[in-house]
Amino acid sequence: MHIRLPLSTGVADYEMNPTGPLPANPGPPPRARVAFAAAHVVLDPASAGHPRPALDMEATLGFRRHLWSLGLGVAEAMDTAQRGMGLDWELARELIRRSGLEAKATNAAIACGANTDQLGPGTAHPLDEVLAAYEEQCAFIEDAGAQVILMASRALARSARGPEDYQFIYGRLLSQLQRPAILHWLGEAFDPELKGYWGGADASESMEIVLELIGTNRDKIDGIKISLLDADKEMEMRRRLPGGVRMYTGDDFHYPELIRGDGQHFSHALLGIFDGIAPAAACALRALDRGDTTTYEELLAPTLPLSRHIFQTPTYRYKAGLVFLAWLNGFQDHFLMLAGLESARAVEHLAELFVLADRARLLMDPELAAERMQSYLNAR
């Protein structure tokens, strides 16, 4: 099957992979690693462009059922779901409530992002208001039956005067939770407003601050997700974590090697790219359970060029690529996004995404994907 595509090197005929897609094999969660996919959301197309957009909740939840069926956990209402880029707290509340009910019905793994985004953007707020906003969201998430992910907060980044304010806020929050939380360190590549988070002058200084926080509150912390796109920093930090505290990689550039580990230490996964490569990720993690690192590498190696393409600079626009791939794969009927972010990537970028997904055997119905790719090009 051929399709003519406008690639960065020029318009070219592309012959699609004759091998066909990877099977989306249902199965239990992996044993050797804890794995969450940070999941995207589906806009209700009738609300596109409205001041108060709505989600197509059935399509959104249907995608989560797909992830759970493969044995992956769902990280809900995170930046992949356009948190802070179209998904506000009012929409996130309903999403968390509905996803929590779905997870409870099937005993599936779910963790949800607690943030402070009910506070007005762009201005500094007193620390007690930041704390109260976090507390409201943490209580709602735990009432929904989910584990809390303490997301990095733009409001806290604006208001904190130094490391002691981060220690105060996080210490108070962790002491109130019913079960251990996952901390969340999102680098400025993903959100420029989070530059200098934790109060350090650079990543090395911030790491010391976080490690002190974890050491003080280790019984209340399940693990920490870091998304710095710096494998060396992640490996350094995971070597220094207290026993029983997990490192969750959020590194969409180096996840195969970080999850595999170095023989002594390894990372668990809480990744946006698992939204797009779920069949490959699930099969690879099951291979790792069997100690079959060869199959693990073979499955994930072709996904890495796709991931690096989707998350290329400016990295925070990666959500458009994941939603486009979900549309190609038939998980939704349109390529529209909250806040109009479907326009965040150029046509050439999305055409190359199509090629890389096909090479990784991640187009689940190649004929449908080609038809939708062609319809998208025809409309340009």
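Sorted fewest first by neighbouring Cβ atoms within 10 angstrom, Met237, Met1, Met16 come out as Met1, Met16, Met237. Considering only Leu213, Leu368, Leu270, the mean-square fluctuation computed in a Gaussian network model of the chain, springs between alpha carbons under 10 angstrom, is largest for Leu368. Mind checking which aspartates and glutamates have their C-alpha under 17 Å from Lys233, skipping anything on the same chain fewer than 8 residues away? Candidates past the 8-residue exclusion: Glu188, Asp202, Glu205, Glu208, Glu212, Asp251, Asp252, Glu257, Asp262.
Between the range 101-156 and the range 5-25, what is the separation of their alpha carbon centroids in Å? The distance from the Cα centre of the range 101-156 to that of the range 5-25 comes to 40 Å.
Run the reach check for Lys319 against lysines, Cα to Cα strictly under 22 Å, same-chain hits fewer than 8 apart removed. What comes back? Correct list for Lys319: Lys195, Lys225. Helix content alone sets the calculated 222 nm mean residue ellipticity of the chain: runs of n ≥ 4 DSSP H residues at -39500 (n - 2.57) each, divided across all residues, give -13500 deg cm²/dmol. Distance between the C-alpha centres of the range 27-63 and the range 251-281: 20 Å, rounded to the whole angstrom. The antiparallel fraction among DSSP beta bridges confined to the chain stands at about 20%. For Ala38, the amide hydrogen comes within under 5 Å of the amide hydrogens of Ala75, Leu271, Gly272, Phe274, Asp275, counting only partners 5 or more places away or on other chains and with H modelled in the peptide plane.
Equivalent ellipsoid of the chain: semi-axes from √(5λ) of the C-alpha gyration tensor, largest first, are 33, 24, 20 Å. Membrane-span-like helices in the chain (whole DSSP H runs, Cα extent of at least 27 Å along the helix axis, mean Kyte-Doolittle hydropathy of at least 0.0): none found.
Which residue, chosen from Leu288, Leu363, Leu304, occupies the Cα position most advanced towards the positive end of the dipole of the chain, where the dipole is computed from +1 (Lys, Arg) and -1 (Asp, Glu) charges on Cβ about the Cα centre? Working it through, the farthest residue towards the positive pole turns out to be Leu288. In terms of other Cβ atoms within 10 Å, Cys112, Cys138 run from fewest to most in the order Cys138, Cys112. Distances between placed amide hydrogens fall under 5 Å for Thr249 paired with His268, Ala269, Leu270, all partners being 5 or more residues away or on another chain.
Throughout, read-outs are computed from the coordinates displayed, never taken from laboratory work. Here the structure is a predicted model, which is why all the values come from computation and not from measurement. Cβ sites come from the backbone with ideal geometry, for glycine too, and all protein chains shown count toward neighbours.
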